[in-house]
Structures are given as structure tokens and as C-alpha cells.
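So the structure is just underneath, and the comments pick up after that.
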Amino acid sequence: MRNGPHASRLTATGPAPILGPVSAPPEGPVAATPAAGARPAGRAPQIVRAMVWMAVGGFMLCAMNGVMRIMTQQLDPLQSQFLRYVFGLLVMLPWVLRAGLRSYWPNNMIGQWARGVAHTAALALFFLALPHIPLADVTAIGFVTPIFVLVGAAIVLREKVSPARWLAAGVGFGGVLIVVAPHLSGHGAGWWSLVMLAASPLFAASFLINKALTRRDTPETIVFWQNVSVMLLTLPLALPGWRDPTLVQWGTFLLCGVLGTLAHLCMTRAFSLGDISAMQPVRFLDLIWAALLGIALFGDMPSASALLGGAVIVASTMWIARREAARR
């Protein structure tokens with residue numbers, strides 16, 4: 001079933017509005033390659049705009065993880081996961097009701113639920129480990145995911161992963177190791193670090209399915225069904241440890257729902273505008289966001305190794321962004 005006719009459109013020249021009624025893109029790749037010299041004056045190259053979407057989405061996701069770390073220390077982690085997606089769905093509900101469910105009906109329902117299964121499994125491991133690991137370490141361990149994504153993009157999606165992308169990912173991952181190395185014998189190691197690490201290939205599978213879905217469905221449709229599938233699949237896991245949240249906790253989950261939904265909309269928009277393999281080095285910026293949020297929320301001051309590693313990560317991200325723009 002196709003999406004409704006009153007939706008915002010996704011084009012090769014720019015992103016559609018973040019929220020609102022949507023329609024399915026045409027068959028085939030979402031963004032066509034523009035003719036030489038066809039880019040309007042003053043417009044950033046499409047790959048750079050995709051990287052900006054990814055950077056903004058990464059910041060919002062880190063902010064949500066920081067708040068969710070607090071909530072998973074107060075309530076059962078799987079209950080926290082369920083409530084985060086309940087409110088993520090509620091955030092989108094006004095637009096869905098205004099446009100009608102038909103406007104948000106996907107072209108690939110099986111793919112939407114396959115992604116929901118992968119994302120639910122990854123989140124279960126992630127939220128179980130989250131209250132036991134500092135935020136910066138959580139983010140650093142998560143940087144294994146882009147490596148899985150790069151491999152998957154080359155094997156599954158048949159994307160041509162250039163040597164420059166592999167190099168940028170490798171340098172960025174080296175920056176992560178600089179940050180993580182001093183903590184390997186402390187609280188960042190052990191059982192919970194392994195649980196967090198096990199979530200990485202599952203997150204990678206979710207992102208790869210997400211990229212494939214953008215070929216036929218809009219970001220808004222994909223994120224709506226992500227909220228639906230993860231919420232329903234997590235419900236049985238949340239019930240055994242359920243505790244009634246306080247009024248403040250309900251409000252905090254609403255904030256997490258807003259941040260998480262906007263983060264996934266931004267990241268899905270990025271996937272629709274460029275190769276997923278080109279987006280992965282940008283994810284290393286999340287370590288910078290996590291360090292800043294760690295200061296703001298938990299008073300965790302970044303170490304010298306964190307500052308050095310952060311500088312390496314930023315340099316690799318800026319280099320690949322400039323190179324990808326020049327290549328186009």
C-alpha cells in the first residue's frame with residue numbers, strides 16, 4: 001500500500017521536514033546523482049548535508065542516553081526501554097492522526113518488523129548494561145558498531161566502500177582506543193562491557209536494514225514503525241520488573257521520547273541522502289558529545305586521553321567530510 005498523497009516529499013536537493021505527513025519515495029535509490037554543475041549556488045553538497053544530519057542525530061542520541069542512564073538506575077532497564085518507545089510513539093502520534101495511518105503505511109512491512117526485532121534485541125543488551133558503565137565508555141564501546149556497518153554495507157548492500165572511508169573509520173576507531181585504553185582495567189571492563197559490546201552487531205544489522213528501507217519508505221514512516229515494533233516487542237520483557245514511575249519520571253521519559261525520535265529521524269534522513277558507509281566516521285563525534293554531557297549530567301571531567309582521542313576523532317571526521325564533498 002502506498003503512502004498518502006498529502007505527504008512531504010524527500011528529494012535529492014534537500015531533506016523534507018522532520019515531522020509531518022509523509023509519502024513514499026519513488027522506486028529505486030532515493031537520491032539521484034545530480035548532473036555536473038547542477039547543484040544550486042550556495043547549497044552544500046548532498047553528502048555534507050547527510051553528515052550534518054548524522055552529527056545532529058548523534059548529539060540527540062547521546063543526550064537521550066545520558067538521561068536514560070539516570071532512568072535505568074532508578075527503574076528496571078527493560079521497563080525504561082519500553083517507556084522510552086511508548087513516548088517516542090506518542091511524540092509522532094499527532095502527525096499520524098492528522099494525516100491518517102494510510103500515510104504512514106510502509107511499502108515493506110516485513111522489513112520494518114525485521115528491523116524492530118534487531119533493534120529490540122540490541123536495545124535490551126544496551127539498556128541492561130547502561131546503568132553499570134560510565135557514559136563516555138558506553139559511547140566508546142558503541143563505536144565498534146560503525147565497523148560492523150562498514151563491513152555490512154560492502155557485503156550486504158553492495159556499496160563501494162572507498163579506501164578513504166576505511167582509513168577514516170580506522171583513524172576514528174584509533175581515537176576511540178586512545179580514550180578507552182586507560183579504563184580497560186577499571187569500571188569499563190568486565191561482564192557489563194561485554195554485554196554492551198554484544199549489542200554492536202545487532203545495532204549494525206538494524207542500521208543496515210534501515211538503509212535498505214529508505215529506498216522505498218520515508219524516514220518518518222521508518223521511525224514510526226520502529227517505535228511501534230520496539231514498543232510491542234519490549235512489553236513482555238518490561239512486565240516482570242515493573243514499578244510505577246513517579247510524575248517526574250513520566251516527564252523524563254517524555255523528554256527521552258522526543259530526543260530519541262528526533263535522533264532517529266535525523267539519522268534516517270542522513271541514510272536517505274548518502275551511502276551508509278560514508279556516514280560511519282561521523283558517528284565518532286558522539287564521543288565528544290558524550291564527554292560534554294558527562295560533565296553536564298554526572299560531573300565527569302574528560303581526561304587528557306579523552307581530549308587527545310577526541311582531537312583524532314574530529315580530525316578524521318572533518319577530513320572524510322571534505323574528501324567526500326570534493327569527490328562529488
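Brief remarks follow.
- Among the residues of the range 55-70, the ones that are out of contact with any Lys or Arg (no Cβ under 8 Å at 6 or more places or on another chain) and either without any contact (Cβ under 8 Å) to a residue 24 or more places away in the chain or among the aliphatic types (A, V, I, L, M) (or both) come to 7 in all.
- Check on R269, buried (at least 24 other Cβ atoms within 10 Å of the Cβ), among the charged types (D, E, K, R) and either at pLDDT below 75 or in a helix (DSSP H, G or I) (or both): yes
- Check on D244, modelled with pLDDT under 80, over 14 Å from the mean Cα position of the chain (by Cα) and among the acidic types (D, E): no
- When V48 is tested against (1) modelled with pLDDT of 90 or more; (2) in contact with a helix residue (DSSP H, G or I) (Cβ under 9 Å, 6 or more places away or on another chain); (3) surrounded by fewer than 21 Cβ atoms within 10 Å (Cβ to Cβ); (4) more than 30 Å from M196 (Cβ to Cβ), only condition (1) is not met.
- Among the residues making up the range 213-235, those that are surrounded by fewer than 24 Cβ atoms within 10 Å (Cβ to Cβ), farther than 14 Å from L123 by Cβ and more than 16 Å from the chain's Cα centre (by Cα) are R215, R216, V228.
- Residue in the range 89-104 that is among the small types (G, A, S), surrounded by 19 or more Cβ atoms within 10 Å (Cβ to Cβ) and within 20 Å of the chain's Cα centre (by Cα) present: no
- Inspection of the range 205-217 finds a residue satisfying the criterion of being in a helix (DSSP H, G or I), among the aliphatic types (A, V, I, L, M), within 22 Å of V138 (Cα to Cα) and modelled with pLDDT of 90 or more.
- The residues listed here are V161, V91; of these, the one that is in contact with a helix residue (DSSP H, G or I) (Cβ under 6 Å, 6 or more places away or on another chain), over 29 Å from P236 (Cβ atoms) and β-branched (V, I, T) is V161.
- Flag if I320 is at pLDDT below 75 and crowded, with 23+ Cβ neighbours inside 10 Å: yes
- Verdict on V179 being buried (at least 19 other Cβ atoms within 10 Å of the Cβ) and modelled with pLDDT under 75: yes
- Residue in the range 154-162 that is buried (at least 19 other Cβ atoms within 10 Å of the Cβ), farther than 28 Å from V230 by Cα and in contact (Cβ under 8 Å) with a residue 24 or more places away in the chain present: yes
- In the set (1) without any contact (Cβ under 8 Å) to a residue 40 or more places away in the chain; (2) surrounded by 22 or more Cβ atoms within 10 Å (Cβ to Cβ), W191 fails one condition alone, (2).
One line per residue, one yes/no per condition, for (1) touching a residue at least 12 places away in the same chain (Cβ under 8 Å); (2) among the polar types (S, T, N, Q); (3) surrounded by fewer than 22 Cβ atoms within 10 Å (Cβ to Cβ):
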position: K211; (1), (2), (3): yes, no, no
position: R243; (1), (2), (3): yes, no, yes
position: L285; (1), (2), (3): yes, no, no
position: I295; (1), (2), (3): no, no, yes
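- Listed conditions (1) in contact with a Lys or Arg (Cβ under 8 Å, 6 or more places away or on another chain); (2) at pLDDT below 80; (3) in a loop (DSSP other than H, G, I, E, B) are all met by P146, apart from (3).
The values are calculated or read from the model by the stated rules, or taken from the named source; none is laboratory data. Remember, it's a predicted structure, so these values are computed and weren't measured experimentally. No Cβ is skipped: glycine too gets one built from the backbone with ideal geometry, and neighbour counts run over all protein chains shown.
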